[in-house]
Amino acid sequence: MPNNSPTKNRGVFLLPNLLTTAGLFSGFFAIVASMNNQFESAAVAIFIAMVFDGLDGRVARMTNTQSDFGAEYDSMADIVSFGMAPALVMYNWGLSELGKFGWLAAFIFVAGGALRLARFNTNLGSSDSRFFQGLAIPSAAAIVAGLVWVGSKYEIDPNSISYLAAVITICAGLLMVSNFRYHSFKDVDWRGRVPFVVILAVVLAFVVVATEPSLVLFSIFFLYALSGPITTIRSVKQLKLKHVVGDDDDCEADEELKKPETSTENKRSDDDSSKSV
């Protein structure tokens, strides 16, 4: 008797996974380039991997080609391109002379990135989409790779800033597993209309980045890393240990305490308006 039940399609979508593979290749190339002392090329390759990482998810949503396989493959590629690659590039550039402390600093970054991805995947869909819990792994990779890019571009002796590089690498790894809140910019309406001056500002921003890309990109992501602690401190009454590390449910409860209480009349008006929507 023939089986009339539909067979499950075991294929994978080509376009988004092709972009993910391109990002994975960029991360692997960065590792190989750093082994050959081509540190500037290695740092640039990590930033190129960031571009592909931003494209694959958007292309998948635009073409309706999301899949569980694509999500898992993207996470595996991220730990290579934004976890292993930046750590090894930094180690080969400025941490190898520190001995055990150097490779432990690089390992902290890798472990922080792996934990960050695992926590993001398990919390996906249950947390506030406007904010990231902890520094996103591509942003952390941009800080580490940006420092290598700046050092190579301006011919800075890595031995003179080896301990500073180790501290930045460790801090970037720890920020990824922190509870600091970082703006995700997912609430920005990219399809909406904007004033003409906004387009002009975008053009000027590209010009500024093109003048000194290594220094400008490193500065942008470094300031973004600092914005997390500032945003968290401003959103809670009193900064506690659980706002830095620990369960995010406790942090959300405390953030609710800081919200200003509204009067009874305002609450009623809000209820009425919500019913009319």
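Quick grid of which residues meet (1) at pLDDT 95 or above; (2) under 23 Å from SER214 (Cβ atoms); (3) outside any helix (DSSP H, G or I):
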{"site": "PHE120", "(1), (2), (3)": "no, no, no"}
{"site": "VAL144", "(1), (2), (3)": "yes, yes, no"}
{"site": "TYR163", "(1), (2), (3)": "yes, yes, no"}
{"site": "ASP189", "(1), (2), (3)": "no, no, yes"}
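Taking residues in segment 206-229 that are closer than 20 Å to PRO86 by Cβ, and partners anywhere that are of a type in the set (Asp, Glu) and part of a helix (DSSP H, G or I), the pairs with Cβ atoms closer than 9 Å and at least 6 places apart or on different chains are SER214/GLU40. Once segment 185-218 is narrowed to residues that are surrounded by 14 or more Cβ atoms within 10 Å (Cβ to Cβ) and of a type outside the set (A, V, I, L, M), the residue that is farthest from HIS243 (Cα to Cα) is GLU212. Residues in segment 50-72 that are at pLDDT 90 or above and surrounded by fewer than 12 Cβ atoms within 10 Å (Cβ to Cβ): 1 in all.
Any residue in segment 21-33 that is in contact with a Gly (Cβ under 8 Å, 6 or more places away or on another chain) and either of a type outside the set (Ser, Thr, Tyr) or more than 21 Å from ARG116 (Cα to Cα) (or both)? No. Within segment 211-259, if we keep just the residues that are in a helix (DSSP H, G or I) and of a type in the set (S, T, N, Q), the residue that is modelled with the lowest pLDDT turns out to be SER235. In summary, helices (runs of 4 or more DSSP H) completely within segment 1-113 and bearing 3 or more residues that are farther than 18 Å from SER162 by Cα occur at 14-35, 39-62, 68-78. In this structure, ASN159 does not qualify as under 25 Å from LEU55 (Cβ atoms), part of a helix (DSSP H, G or I) and not small (Gly, Ala, Ser). A single entry from ASN121, ASN159 fulfils the requirement of being more than 29 Å from ASN36 (Cα to Cα), out of contact with any Phe, Trp or Tyr (no Cβ under 9 Å at 6 or more places or on another chain) and touching a residue at least 12 places away in the same chain (Cβ under 8 Å): ASN121. Selection over segment 34-49 of residues that are among the small types (Gly, Ala, Ser) and loosely packed, with under 14 Cβ neighbours inside 10 Å gives a count of 0.
The values are calculated or read from the model by the stated rules, or taken from the named source; none is laboratory data. Please read these numbers as outputs of a predicted model, since none were measured by experiment. Cβ sites come from the backbone with ideal geometry, for glycine too, and all protein chains shown count toward neighbours.
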